[in-house]
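A.B. asks: Supplied in structure tokens, the structure appears directly below.
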Amino acid sequence: MTASSMTGKAAKSAAGRGLPRGPHGASAQDGGDRLPPARFAFDARTWREVAYLLLDLPMGLLGFVYVAVWLYAGVLLAVTVVGLPMLAAGLLGMRALGRWERRRARWLLGVRIDEPSPLSRQRRNAGFFAWVWTALKDPVAWRGTLYAFIRLPWGVLTFALTLVSLFVAWPVLGHLARAMSNVDRAMVRGLLSPSSELERRIAELEEDRGVVVDTAAADLRRIERDLHDGAQARLVALAMGLGLAKEKLLEDPEAAARMVDEAHGEVKLALQELRDLARGIHPAILTDRGLGPALSSVAGRCTVPVAVTAELGERPAAAIEGIAYFTVSELLQNVSKHSRARSAEVEVWRSGKRLLIQVRDDGRGGASTEGGSGLAGLAERLGSVDGLLAVESPAGGPTVITAELPWRDRAAG
């Protein structure tokens, strides 16, 4: 009997016994068919919620014990010297526990909550008693204390239900985990978020104030460097040249005349550098004639033809006007250096309580505020005065950059 006839008989025999056949006639009993790989029934998000619920009990125990220790001891010792400082220190610790709970909710539940603003630095630097009083009035820490109290019974309930469902109620575990984690989300948002929109605004303003201070310091360093390396050095050389010319005035009048001519040229260069420096601080044309003529002057110095349209019925406050001027100046410098554009446009107009600036060019595109670029620094400076910077610059162009500033009337500025 040949091998092929034996294989055919084996296949027929397997088919006769009702066994499934593989792709080459082999039965499942011979290993021809493989089972699909095992996988979990729930997705990663459900498992993260389960992990959060199982951690509720240990985290609840930790928070409850911490609160019970410092609050009980602080209240009992409140009549002594150490009581109030102990309460203040415990409240600072509650801020740290709240920060950890917000991170846990962000990692496992996907709940993103802004960090509350820090305690007032002025009060903390004013002295020990001012620091204690500021900590005792901290609403963020007191809401964190309430959160720690109610988390323990809720943590016991969620831990028990989740653990039991893992073994005896598997089909409903996903729905149960979602329902309980939604309660946790509500508790985190309600008790661990900043106190109000006003507090979030204060935090933003504190950060913006730091940007303003850093920008002002950088501008002062730039002015000092330009004066030291430019006009000051040139004026020192001018003084030395005039001194040598004075010595040669009687001995060699022709040489002295040449040295005076050279000094005259140095004076012109020094004056030009001082004008450029003054224009960089605050141009005279902006003060005298306003934003439209000043932007036309900036556009005239650009290496790319620029069309300027400024539709302003009145002038904004001097500070806003200056920020708008330097914003357009920096954007046009980027157009000259990086865009490879053939033309550009600048439009300035007012919309309600906002001053809008738009700079367009037909260059190669690719501009971005990522990676610490000049546009990123410009966006930070605009944000420090409640402004915005929007960049639309696909590869290949065109580039459209829109800046938005708050409008303040000149009389109020």
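A.B. asks: Keeping all protein chains in position, work out how much accessible area His338 exposes to a 1.4 Å probe, and write it in Å² to the nearest 10.
C.D. replies: Number for this one is 100 Å².
A.B. asks: Calculate the FRET efficiency for Asp252 and Arg315 from the Cβ-Cβ distance with a Förster distance of 41 Å, rounded to the nearest 0.05. Don't jump to the answer; show the numbers that get you there.
C.D. replies: Numbers: r = 57 Å, r/R0 = 1.39.
Using R0 = 41 Å, I get an efficiency of 0.10.
A.B. asks: If I take R0 = 56 Å and measure r between the Cβ atoms of Ala68 and Asp386 in this structure, what FRET efficiency does the formula 1/(1 + (r/R0)^6) give, to the nearest 0.05? Before the final figure, lay out the partial values.
C.D. replies: Working: r = 44 Å, r/R0 = 0.79.
Calculated value: 0.80.
A.B. asks: Please give, to one decimal in nm, the separation of the simple spin-label points placed at Arg99 and Phe42, each 7 Å out from Cα toward the Cβ.
C.D. replies: Rounded to a tenth, the inter-label distance reads 3.1 nm.
A.B. asks: For Arg178, what accessible surface area do you get with a 1.4 Å probe? Give it in Å², rounded to 10.
C.D. replies: 80
A.B. asks: Next up: Taking a virtual spin label 7 Å from the Cα of Ile285 along the C-beta vector, which residues in the range 298-339 bring their backbone nitrogen under 16 Å of it?
C.D. replies: 298-310, 322, 324-333
A.B. asks: Extending each Cα 7 Å along its Cβ direction at Glu262 and Leu235, get the distance between those two points in nm, one decimal.
C.D. replies: Rounded to a tenth, the inter-label distance reads 2.1 nm.
A.B. asks: Please work out the C-alpha center-to-center distance from the range 138-175 to the range 350-410 and express it in whole Å.
C.D. replies: Value for the Cα centre distance between the two parts: 46 Å.
A.B. asks: Can you figure out the FRET efficiency of Glu370 with Arg301, using R₀ = 22 Å and their beta-carbon distance, to the nearest 0.05?
C.D. replies: Numbers: r = 28 Å, r/R0 = 1.29.
So, using R0 = 22 Å, E works out to roughly 0.20.
A.B. asks: I've got another one for you. Using DSSP to define loop residues, name the chymotrypsin sites (Phe, Trp or Tyr not before Pro) in the range 303-411 whose beta-carbon has at most 15 other beta-carbon atoms within 10 Å. Walk me through the numbers on the way to the answer.
C.D. replies: Values: sites: Tyr325, Phe326, Trp349, Trp407; in loops: Trp407.
Loop-located and lightly packed - none at all.
A.B. asks: Please state, as a whole number in µm²/s, the translational diffusion coefficient that the Stokes-Einstein equation yields for the range 300-383 at 37 °C and 0.692 mPa s, with Rh defined as the Kirkwood radius across alpha carbon pairs. Don't jump to the answer; show the numbers that get you there.
C.D. replies: Working: Rh = 13.7 Å.
Rounded to a whole number, D works out at 239 µm²/s.
The values are calculated or read from the model by the stated rules, or taken from the named source; none is laboratory data. The structure displayed is predicted, hence computed values, not measured ones. Glycine also receives a Cβ, built like all others from the backbone with ideal geometry; neighbour counts cover every protein chain displayed. Surface accessibility is based on the protein's heavy atoms, side chains included, excluding ligands, DNA and RNA. Shrake-Rupley method; radii C 1.70, N 1.55, O 1.52, S 1.80 Å.
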